[in-house]
1. Let me know the Rg and Dmax you get for the stretch 209-250 when you use only its Cα atoms, in Å.
2. Return the lysines within reach of Lys228: Cα separation strictly under 17 angstrom, same-chain partners fewer than 8 residues apart disregarded; answer none if there are no such residues.
3. Lys/Arg Cβ at +1, Asp/Glu Cβ at -1, dipole of the stretch 13-145 taken about the Cα centre: which of Tyr81, Ala120, Gly95 is farthest positive-ward?
4. Report the extension gain between Glu159 and Val220 in nm, rounded to one decimal, defined as 0.36 nm multiplied by the number of residues separating them, less their alpha carbon distance.
5. Under a point spin-label approximation (7 Å from Cα along Cα-to-Cβ), what is the Asn232-Thr97 distance to one decimal in nm?
6. Given bins 10 angstrom wide, list per bin the percent of all Cα-Cα distances in the stretch 161-250, short to long.
7. Starting at the first residue of the stretch 138-144, write each ³J(HN,Hα) from the Karplus equation 6.51 cos²θ - 1.76 cosθ + 1.60 with θ = phi - 60°, in whole Hz, x for Gly and Pro.
8. What FRET efficiency do you get for Glu39 and Arg89 if R0 is 30 Å and r is their Cβ-Cβ distance, rounded to the nearest 0.05?
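None of the figures in this text is laboratory data; all of them are computed from the coordinates on show. Computed from a predicted model, the values in this text were never measured in an experiment. Ideal geometry is used to build each Cβ from the backbone, glycine not excepted, and the neighbour counts take in all protein chains shown.
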Amino acid sequence: MLSLELPKHSTNQQTTAFNRILLVEDEELIRDMIVLALEGEGYQVVSAVDGRKALDLLQSPEITTGELNFDLMILDLMLPYVNGLDICRVLRHNGNTIPIIILSAKGSEEDRIAGLQIGADDYLSKPFSMGELIARCGAMIRRYRYGAVFPSSARQFGEITIFPQECRVLVRDQEVNLSPKEFKLLELFMSYPRRVWSREQLIEQIWEPDFLGDTKTVDVHVRWLREKLEQNPSQPEYLITVRGFGYRFG
């Protein structure tokens, strides 16, 4: 259920300080509650009441010139004028990498997959806990803004850290050896956490254009990766099979 039972003080002031969130929500009550909760945690919040206003904000000269930046967007799907899925499509097509958390009353697996496939980073179904939304905002911003404890080229997800320039991977602080294809596959997955990839898309991204094999090659390499990354390969925590679609990371 939607709840405003939040901690009295932010648990991570570094995460919230000077972070700006774009909230796109047409329901006034929900919008006001989210703004109140986020501002109580120290975030700066800019609101848009429909999809057209959101796109205007994101494509404004202040954004394109870098004078104004949003660290995160919270995006409702059912919006007037331009819906949330179309906003995601436009942003990702134009190369905008702003982290996106989708809010939606549509909570089926198919709806979540659709949102993640078009470029959203996380998906929260209505009704939701306000405390959970706050926690997800903090985690998302830390992932994108405060990964500087690692070299700038490094990426971390859970207990896995990849160093692309060094072709090196740490799993639970232990270095693991990956084949070139395994490394490229993991790097792609970690570059787009929670995005669902079809086998055909992975073939196109990782293998050569004249590759003559079939999509079973992807399944084999995913199995090998699971054996090196997962504590229990038969119940993977990172490389998740999305039945009927393909694979996602996280």
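1. 11.4, 35
2. Within the straight-line cut-off, Lys228 pairs with Lys181, Lys184.
3. Ranked along the dipole, the leading option is Gly95.
4. On the way: separation 61, 0.36 × 61 = 21.96 nm, distance 2.27 nm.
So the chain would gain 19.7 nm between Glu159 and Val220.
5. Those two pseudo-labels are separated by 3.4 nm.
6. Over the stretch 161-250, the share of Cα pairs per 10 Å bin runs 16, 54, 27, 3 percent.
7. Result, rounded to whole Hz: x, 5, 5, 5, 4, 4, 8.
8. Values: r = 30 Å, r/R0 = 0.99.
Once the sixth-power term is evaluated, E becomes 0.50.
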